[in-house]
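Q: Below is one structure. I have some questions about it.
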Amino acid sequence: MQADGTGRGTLRLVLGDQLSAPDRLSSLRDLDPSRDVVLMAEVRSELTYVRHHKQKIVHTLASMRGHAEALQARGVTVRYVRYDDPGGEPDLPGEVKRALRDQPFDRVVMTRSGEHRLEAAFDSLEAELDLPFERREDDRFIASLSEFFDWSRGKASLTMEFFYRQMRRKTGLLMDGAEPCGGQWNLDKENRKRPPASLKAPERLLIAPNAVARELMVAVERDFPDNFGTLAAFAYATTVEDAERLADHFFADVLAGFGDHQDFMRLGDPWLWHARLSAALNIGFLDPLDLCRRAEAEYRAGRAPLNAVEGFVRQILGWREYVRGVYWLRGPEYKLINALDADRELPWFYWSAETDMACVKDAVETTRDHAYAHHIQRLMVTGNLAMLLGVHPDPVDDWYMVVYADAYEWVELPNTHGMATFADGGIVGSKPYAASGTYINRMSDYCTGCRYDVKERTAENACPFNALYWDFMARNAPRLRDNPRIGFAYQTLDKMGPQEREAITVRAEALKTRFGATPRPINR
Ligand code: FAD
Ligand code: SF4
């Protein structure tokens, strides 16, 4: 008999982004294969709470099915429910109750989910069940939540940089004793170089879909025909082995160039020197600390420069851990903040890519074709434009949840609601990442081929980002003028004559109307 009950074993629920090896997942660490059952379910509610990109569905379901097979091959009993199985329940609590009706267990165990929506559903389930329901912390992160909460306590602002330094000290990553390697904590300034056109990014390893993924590609086209995105270029790792191949390839062939051009965007080149590891990381195939240690080893061995390795480590040890902390610290109310009173609709070209703005077109097409866009495209093109247009946070948050294969609310929301659109009023970033076409021109090759003129502000062919940027600054002056990090923009605005300011307003309003960024109906 088990110490914890009558010997009927434990039902262990594993969610679609908990596909980590049993010794890495808190719910499976004490798994007893002789009597426990692992429950995995492709429920409708998870497939439809947003209309996920087709590649996200294929990635998740193929990975879940492969993971279930791998567990079974290790002698684990898996109760696996496919989304089209007859008799399936619509949601995860329903599947737990169904499993308990079919077979008695002593208790239910799971690792906590990554979303307030699901935590609320499991709270209700816990109240209903008449047997122990153990929900364990997700310890697949480098910082525990209590560690983050302790760090945040009493702080007027949650500056990522200081959290990151604490994490460097804690892990010893890129530390020489008590000092950061190279004497500086953050080498971001070295990572904004424009590559010469002749410098090609490395050839990328593209994972060919396996039989499970191929079968799902057909099923998803059939059952989710109207969801956003195409499947033809599907190249995500759907097994841990393929995820490791992607990581090996990154460290061997890409990491050394990761830093220099990290902020650059190039037409038709979706990946440049980026890692392409977020989907495999977020679903549980890769371990964040392991990736950071591997990157450090490349630096220590002299195979990758410090600015590349520090940049990569900061994204994972710093930003990824930090946004998770903010998500749980701020709770479900975080999503409701609309600090800039943004009230417009999201333009249709976020879905169709039908726009003459070369930068937006490329970002949306990349997103549609790969369920991916790199950080600067998400932040400075689509996110920046939505913020400048004054799009309401809800459609923006929803768009980012829908369109990326790596989208999970704990990481998506603080990035979108905080970093990209400043809807949180400055919890994540100390200033809005607002930029005119000048920034995009400096950090991309988009503008040379664009029908708009990046140097013009209010002419008919002027880059839309320019008038929208100044209109945003003028509109939000009461909120932002005193922010020392953007004071320079107001000095320029103040020097503009009334005619120019009027021309900016007229141009900005015309663009909003033309783009379909019209005011949202009240109470929507
Ligand atoms: P790289 O640029 O090569 O970075 C390496 C790794 O660092 C990534 O794999 C990722 O795990 C981590 N990382 C980098 N930046 C961030 C960040 N800001 N926050 C958290 N982790 C980071 N990332 C997601 O994983 N899921 C999302 O849903 C998501 N939504 C975003 C929405 C917006 C508006 C913005 C601006 C950023 C978002 N990010 C999100 C962060 C970042 O854009 C992606 O992690 C990155 O583009 C993934 O590609 P990559 O693996 O090539 O990353
Ligand atoms: Fe984008 Fe403006 Fe440059 Fe065109 S000119 S690519 S719209 S920044």
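The values are calculated or read from the model by the stated rules, or taken from the named source; none is laboratory data. A quick note: this is a predicted structure, and the numbers were derived from the prediction, not measured. Quick reminder, even Gly has a Cβ in these numbers, built from the backbone with ideal geometry, and neighbours come from all protein chains shown. Remember, those area values only see protein heavy atoms, side chains included, never the ligands or the DNA or RNA. Shrake-Rupley method; radii C 1.70, N 1.55, O 1.52, S 1.80 Å.
Q: Scan region 83-99 and report the pairs whose first residue is over 20 Å from ASP223 (Cβ atoms) and whose second residue is small (Gly, Ala, Ser), with Cβ atoms within less than 6 Å and a gap of 6+ or a chain change.
A: Close Cβ pairs satisfying both conditions: PRO93/ALA121.
Q: Still on this model: Do we find a residue being more than 15 Å from ligand 1 (Cβ to nearest atom), assigned to a helix (DSSP H, G or I), open to solvent by 10 Å² or more (accessible area, probe 1.4 Å) and in contact (Cβ under 8 Å) with a residue 12 or more places away in the chain anywhere in region 230-241?
A: Checking region 230-241: at least one residue is more than 15 Å from ligand 1 (Cβ to nearest atom), assigned to a helix (DSSP H, G or I), open to solvent by 10 Å² or more (accessible area, probe 1.4 Å) and in contact (Cβ under 8 Å) with a residue 12 or more places away in the chain.
Q: Continuing with this model, one more query. Suppose we filter LEU61, LEU71 for residues that are surrounded by 19 or more Cβ atoms within 10 Å (Cβ to Cβ), over 23 Å from the mean Cα position of the chain (by Cα) and part of a helix (DSSP H, G or I); which single one remains?
A: LEU71
Q: Applying the selection to region 266-307, what residues are among the small types (Gly, Ala, Ser), farther than 26 Å from ASP369 by Cβ and part of a helix (DSSP H, G or I)?
A: ALA295, ALA297 - these are the residues of region 266-307 that are among the small types (Gly, Ala, Ser), farther than 26 Å from ASP369 by Cβ and part of a helix (DSSP H, G or I).
Q: Any idea which of TYR439, TYR433 is among the hydroxyl-bearing types (Ser, Thr, Tyr), assigned to a helix (DSSP H, G or I) and either within 16 Å of ligand 1 (Cβ to nearest atom) or under 21 Å from ALA342 (Cβ atoms) (or both)?
A: That would be TYR439, the only listed residue that is among the hydroxyl-bearing types (Ser, Thr, Tyr), assigned to a helix (DSSP H, G or I) and either within 16 Å of ligand 1 (Cβ to nearest atom) or under 21 Å from ALA342 (Cβ atoms) (or both).
Q: Look through region 299-314, keep the residues that are surrounded by fewer than 21 Cβ atoms within 10 Å (Cβ to Cβ) and not aliphatic (A, V, I, L, M), and return whichever of them is nearest to ligand 2 (Cβ to nearest atom).
A: PRO305
Q: Let me ask another. Regarding SER146, is this residue under 30 Å from VAL109 (Cβ atoms), open to solvent by 30 Å² or more (accessible area, probe 1.4 Å), modelled with pLDDT of 95 or more and out of contact with any strand residue (DSSP E or B) (no Cβ under 9 Å at 6 or more places or on another chain)?
A: Answer is yes for this residue.
Q: Could you list all residues from region 276-285 that are near ligand 1 (Cβ under 8 Å from one of its atoms), small (Gly, Ala, Ser) and crowded, with 23+ Cβ neighbours inside 10 Å?
A: ALA279, the sole residue that qualifies.
Q: When you go through (1) within 9 Å of ligand 2 (Cβ to nearest atom); (2) under 17 Å from ILE504 (Cβ atoms) one by one for PHE472, which number turns out not to apply?
A: (1)
Q: Which residues, counting only those in region 442-461, are open to solvent by 50 Å² or more (accessible area, probe 1.4 Å), near ligand 2 (Cβ under 9 Å from one of its atoms), assigned to a helix (DSSP H, G or I) and in contact (Cβ under 8 Å) with a residue 40 or more places away in the chain?
A: Correct list: GLY449 only.
Q: Sticking with this structure for a sec: Within region 242-274, how many residues are free of Cβ contacts under 8 Å to residues at least 40 places away in the same chain and either open to solvent by less than 20 Å² (accessible area, probe 1.4 Å) or within 16 Å of ligand 2 (Cβ to nearest atom) (or both)?
A: Result for region 242-274: 1.
Q: Still on this structure: Among the residues of region 432-441, is there at least one that is open to solvent by less than 20 Å² (accessible area, probe 1.4 Å), away from ligand 2 (no atom under 16 Å from the Cβ) and modelled with pLDDT of 95 or more?
A: yes
Q: Could you please give the count of residues in region 352-385 that are within 26 Å of THR505 (Cα to Cα), hydrophobic (A, V, I, L, M, F, W, C) and more than 9 Å from ligand 1 (Cβ to nearest atom)?
A: Of the residues in that region, 7 qualify.
Q: Working only within region 97-135, note down all residues that are in a helix (DSSP H, G or I) and of a type in the set (Val, Ile, Thr).
A: Once the filter is applied, which keeps residues that are in a helix (DSSP H, G or I) and of a type in the set (Val, Ile, Thr), region 97-135 yields nothing.
Q: Can I ask one more? Quick check on my filter: what residues within region 462-486 are in a helix (DSSP H, G or I), free of Cβ contacts under 8 Å to residues at least 60 places away in the same chain and surrounded by 12 or more Cβ atoms within 10 Å (Cβ to Cβ)?
A: Residues satisfying the conditions are ASN466, ALA467, TRP470, MET473, ALA474, ALA477, LEU480.
Q: Something else now. Restricting to region 33-49, name every residue that is open to solvent by less than 20 Å² (accessible area, probe 1.4 Å) and in contact with an Asp or Glu (Cβ under 8 Å, 6 or more places away or on another chain).
A: Passing the criteria: LEU39, ALA41, VAL43.
Q: Looking at LEU13, LEU19 in this structure, which one is touching a strand residue (DSSP E or B) at 6+ places or on another chain (Cβ under 7 Å) and buried (at least 22 other Cβ atoms within 10 Å of the Cβ)?
A: Residue meeting the stated conditions: LEU13.
Q: Would it be correct to say that GLU321 is acidic (Asp, Glu), modelled with pLDDT of 95 or more and away from ligand 2 (no atom under 16 Å from the Cβ)?
A: The answer is yes for GLU321.
Q: In this structure, does TRP319 turn out to be more than 30 Å from MET217 (Cα to Cα), within 12 Å of ligand 1 (Cβ to nearest atom) and surrounded by fewer than 23 Cβ atoms within 10 Å (Cβ to Cβ)?
A: Yes.
Q: Which one of these is modelled with pLDDT of 95 or more and under 24 Å from the mean Cα position of the chain (by Cα): LEU19, LEU39, LEU28?
A: None of the others qualify; the one that does is LEU19.
Q: Can you find, within region 356-377, the residue that is farthest from VAL428 (Cα to Cα) among those that are surrounded by fewer than 19 Cβ atoms within 10 Å (Cβ to Cβ) and in contact (Cβ under 8 Å) with a residue 60 or more places away in the chain?
A: Top of the filtered list is ASP356.
Q: Taking region 378-421 only, how many residues are within 16 Å of ligand 2 (Cβ to nearest atom) and buried (at least 22 other Cβ atoms within 10 Å of the Cβ)?
A: Of the residues in that region, 11 qualify.
Q: Across region 209-225, what is the number of residues that are assigned to a loop (DSSP other than H, G, I, E, B) and under 23 Å from the mean Cα position of the chain (by Cα)?
A: Number satisfying all stated conditions: 2.
Q: Still on this structure: Checking LYS512 against (1) in contact with a strand residue (DSSP E or B) (Cβ under 8 Å, 6 or more places away or on another chain); (2) charged (D, E, K, R); (3) without any contact (Cβ under 8 Å) to a residue 40 or more places away in the chain: exactly one of these is not met. Which one?
A: (3)
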